[in-house]
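All of the numbers you see were taken from the coordinates with simple rules; none came from a lab. Everything quoted here is computed from the prediction, not taken from an experiment. A quick note on method: Cβ atoms are made from the backbone with ideal geometry, for glycine too, and the neighbour counts reach across all protein chains shown.
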Amino acid sequence: MRKRRHAVALALLLVACLLPLAGCKPEKLVSRSQEVEIGKESAREIERRYPVNKDPDLNATVDQIGQALAACSDRTDIEYTFKILDLKEVNAVSLPGGWIYVYKGLIDETKDKPDELSGVIAHEIGHIAARHHADMIGRQTYAALLVGTLTKGDVRNLASIFANLTLLRWSRKHEYEADRLGVKYMYRCGRWDPQGLIDFFNLLMEKQKDEPSRFEQMFRTHPVTSERIKRAQKYLDDLEAGTVQP
Ligand SMILES: [Zn+2]
């Protein structure tokens, strides 16, 4: 009975998504367990393709920052996993269902600047909390989801999209929202200065000119623009002035 109600709700959503009606939210087509299933498969794929850093101290630092920020987020219905990839580029990525990979290049770049490293991790948590991956999945798989469950082949295909770190690219709308949430979670936690995220963006804009290859992936995955910096700064100023609620 519950299954049938779910199928009817999915069918209605699908109709709303196919017709130019208001109220189509592709992420609603994807359940939490589907998201976790795809995330788990993507994580497996990433760890097959890319080297995972095993330094216990470094991993503990990233995990502590990540778990603390995740606890201050709007999404605590999933488990979060934080790992480091031994890649020299400056970047971080998130997968559906709670996996976040920080590149070693980002850790080196933000050495002794914990507010900046925490800012990037908070931004990635923002993508997961706002269910941006589910939005991406929902847009690609309306038909499969309507039928009920995703096949193993669907899960593998979707997982390989997220596991291809050189192709992943968020939209401007996703980026604005992840920035706002990242700043909000840092502000709520009170352990790191949210200005760190904005300082990091400014540093990226500066450094990209000298070493474009190290920053290329970051600019492709999470396009940094002066408009993003302006919006994030405005949101933080509003939070500090008390004109918006954290
Ligand atoms: Zn992003």
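Overview of values
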{"item": "For the chain, with +1 on Lys and Arg beta carbons and -1 on Asp and Glu, the positive-most of SER118, GLY182, MET136 along the dipole", "result": "MET136"}
{"item": "Percent of C-alpha pairs per 10 Å bin, the chain, short to long", "result": "7, 31, 35, 19, 7, 0, 0"}
{"item": "√(5λ) per eigenvalue of the Cα gyration tensor, region 70-154, largest first, Å", "result": "29, 15, 10"}
{"item": "Range of Cα positions in region 53-93 per principal axis (Å), largest first", "result": "31, 20, 13"}
{"item": "Equivalent ellipsoid, region 46-192 (semi-axes from 5 times Cα gyration tensor eigenvalues, Å)", "result": "26, 18, 13"}
{"item": "Degrees between helix 195-207 axis and first principal axis of the chain (Cα, 0 to 90, nearest 10)", "result": "80 degrees"}
{"item": "Per-residue [θ]222 nm for the chain (sum of -39500 (n - 2.57) over DSSP H runs n ≥ 4, rounded to 500)", "result": "-20500 deg cm²/dmol"}
{"item": "Principal-axis tilt of helix 226-241 within the chain, Cα atoms, nearest 10 degrees", "result": "80 degrees"}
{"item": "Charge dipole magnitude, Cβ of K and R +1, D and E -1 - the chain, Cα centre, debye nearest 20", "result": "1240 debye"}
{"item": "Those aspartates and glutamates that a straight Cα-Cα span of less than 17 Å connects to LYS234, excepting residues fewer than 8 apart in one chain", "result": "GLU175, GLU177, ASP179, ASP193, ASP199"}
{"item": "Taking all pairs of distinct alpha-carbon atoms in region 108-199, Kirkwood radius in angstrom", "result": "14.9 Å"}
